[in-house]
Each structure stands twice: as C-alpha cells, then as structure tokens.
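Presented below is the structure to which this report refers.
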C-alpha cells in the first residue's frame, strides 16, 4: 500500500475515493437531491476507519459512494488542521428519502461509527453552507 492510499499521509490529492466512484463523486457532478453523512475522525484513526468504510461501500453495503479527505486537505482547512481531523463522506441517493438515509446510518453503526454524526444535502454544499461559516443548522439529520 502506498502513502497515496492512506488519508493520513497523502499530500498529493484532496480526496481519496472508494474504488470506481471518483467520477460519480466529483463535486460539480453531484445531483442536488443527494446528500452525505459526514464522519469526522482524528488523523491517528483515519486510515483504519476509512478502510472499513471503503470496503463496506465497495461491497455494496452503503449508499452511492464514499470519499475521505487527505492530509493535504486537512492541512489546508482552518478547522481540520488545528486538531488533525479528516472527514469521510458517505453519500446517499436522495436526501429526502429518510428511510434510505437512516438505513445507511444503520450500516455505519454496524461498522463501528457509533458516535453522533451529521447529514448534509449536496444542495447545502453547493450553496456554500458550512458549519465553519457560522451556519450550524445545515444538518438535515443527525444520529
């Protein structure tokens, strides 16, 4: 495994995508009706957690794709760099389909993601709504 495969070490890319999903998850191509669970993880745990989530996604157990921020992205983010935090995005097909969204959350719990996480629509992302900009009511769901 090369350092480019490890989110905690990769300084070449902004994101690492689950296998075969990069084109589908490029931000300019994401349909607004989609959304994602945001899983924030410290750098010393990110590689192991990412591998578990990536394997589940590639095995068809999660939504429509996953991606993780790299060390490069984390180092550039004012909120991530101060505490060495990465984010894993687990996408679902429709943010209005609460049953599907919560089914993905249930699968994440089975994988060990038992802490509270938040769900954000792609529309909110495209509109530039981020909690770091002061708008903390952007989450559609939390569980």
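Each value in this text was obtained by applying a stated rule to the coordinates, not by laboratory testing. Values in this document were obtained by computation on a predicted structure and should not be read as measured data. Cβ sites come from the backbone with ideal geometry, for glycine too, and all protein chains shown count toward neighbours.
If the chain linking residue 103 and residue 72 were pulled fully straight, counting 0.36 nm for each residue of separation and taking away their Cα-Cα distance, it would gain 8.0 nm.
Placing pseudo-labels 7 Å out from each Cα toward the beta carbon at residue 83 and residue 127 gives an inter-label distance of 2.6 nm. With each label modelled as a point 7 angstrom along the Cα→C-beta vector, the residue 5-residue 142 pair spans 3.6 nm.
Arrange the following residues from fewest to most other Cβ atoms within 10 Å of their Cβ: 57, 127. Display every interim value, and only then the final one.
On the way: 57 25, 127 12.
Starting with the residue having the fewest Cβ neighbours, the order is 127, 57.
With neighbour counts taken as other beta-carbon atoms within 10 Å, the residues 113, 16, 53 rank, fewest first, as 113, 16, 53.
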